[in-house]
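Engineer: Take this structure, written in structure tokens, and hold onto it; I'll ask about it next.
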Amino acid sequence: MSTRCQIEFIYKWKTTSGQYRSEKRTVYRHSNGSPGSMIPDLLEFIQWNQGRNDQIDYMAANWIYWNKRREEDAWLNDANHKRWEKRTSNISWNDPAIRADPNHFLKIGHGIDINNRYHGDIEYLYKVIVVESGFGGVDVISIVAHAVDMDGGWDAKHTFTKFGDVMFRYDMTDDEIAAEGKRIAALDRNLKGDE
């Protein structure tokens, strides 16, 4: 079973009158949505997406591209990669068999959602919040993780419980990124009583 989640990419800025405004784009991820996978993935993505993290449309679109590209690379280049179908030949992402299959994994797994509408089957909601620091400054980026109570399915009111957050730094090492993923996953286990 897949661990489904949604990600809200939020950009906040201060107007000349001193009021804060925000924009949001929401994306769905069908699998690997648990904190141990998502936090490192989000941190690696934010590093990769430098220069576009303050443009929320690009950030959300690039998140989907980054994920799809990693999946495609793994599938096309790793003969031992475990996927639903067995590869028997050297195949391209644009192979006729893939074009003909509407449920091929390269075509599914990520989607764009309507803001403030939550899937009935998500277990987690992540908020990637970029706060503009002003001209010449470095934007502040944080990731806030929420567990989702989805009793009642698609039409029910969802309950979100925050259980952890991470402050992003552009100089984070791979070890620091992995450690943050483990830390947030442990907080999730504590919340659920799985320790």
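The values are calculated or read from the model by the stated rules, or taken from the named source; none is laboratory data. Treat the numbers as computed from the prediction; the structure is a model and nothing was measured. A quick note on method: Cβ atoms are made from the backbone with ideal geometry, for glycine too, and the neighbour counts reach across all protein chains shown.
Engineer: Tell me the residue from Asp41, Asp54 that is more than 28 Å from Phe105 (Cα to Cα) and either touching a residue at least 24 places away in the same chain (Cβ under 8 Å) or assigned to a helix (DSSP H, G or I) (or both), please.
Structural biologist: Going through Asp41, Asp54 in turn, just one is more than 28 Å from Phe105 (Cα to Cα) and either touching a residue at least 24 places away in the same chain (Cβ under 8 Å) or assigned to a helix (DSSP H, G or I) (or both): Asp54.
Engineer: Given the options Ile129, Ile141, Ile108, name the one that is in contact (Cβ under 8 Å) with a residue 40 or more places away in the chain, under 16 Å from the mean Cα position of the chain (by Cα), more than 17 Å from Gly164 (Cβ to Cβ) and surrounded by 11 or more Cβ atoms within 10 Å (Cβ to Cβ).
Structural biologist: Ile108
Engineer: Of all residues in segment 1-38, how many are under 17 Å from Lys162 (Cβ atoms) and acidic (Asp, Glu)?
Structural biologist: 1
Engineer: Suppose we keep only residues that are surrounded by fewer than 17 Cβ atoms within 10 Å (Cβ to Cβ) and in contact with a strand residue (DSSP E or B) (Cβ under 6 Å, 6 or more places away or on another chain) within segment 22-38. Which one would you say is nearest to Leu125 (Cα to Cα)?
Structural biologist: Looking at the filtered set, the residue picked out is Lys24.
Engineer: Only residues that are surrounded by 19 or more Cβ atoms within 10 Å (Cβ to Cβ) and either modelled with pLDDT of 90 or more or under 14 Å from the mean Cα position of the chain (by Cα) (or both): list them for segment 111-122, please.
Structural biologist: Selection gives Ile122 alone.
Engineer: Are there any pairs with C-beta distances below 8 angstrom linking a residue in segment 165-177 that is free of Cβ contacts under 8 Å to residues at least 12 places away in the same chain to a residue that is of a type outside the set (D, E, K, R) and assigned to a strand (DSSP E or B), with the two at least 6 apart or on different chains, and if so which?
Structural biologist: From residues that are free of Cβ contacts under 8 Å to residues at least 12 places away in the same chain, there are no pairs.
Engineer: Would you say Thr3 is more than 30 Å from Asp175 (Cβ to Cβ), hydroxyl-bearing (Ser, Thr, Tyr), modelled with pLDDT of 85 or more and buried (at least 16 other Cβ atoms within 10 Å of the Cβ)?
Structural biologist: Considered against the rule, which asks whether it is more than 30 Å from Asp175 (Cβ to Cβ), hydroxyl-bearing (Ser, Thr, Tyr), modelled with pLDDT of 85 or more and buried (at least 16 other Cβ atoms within 10 Å of the Cβ), Thr3 comes out as no.
Engineer: Before we move on, is Asn67 surrounded by 15 or more Cβ atoms within 10 Å (Cβ to Cβ), in contact with a strand residue (DSSP E or B) (Cβ under 9 Å, 6 or more places away or on another chain), modelled with pLDDT of 85 or more and not β-branched (Val, Ile, Thr)?
Structural biologist: Yes.
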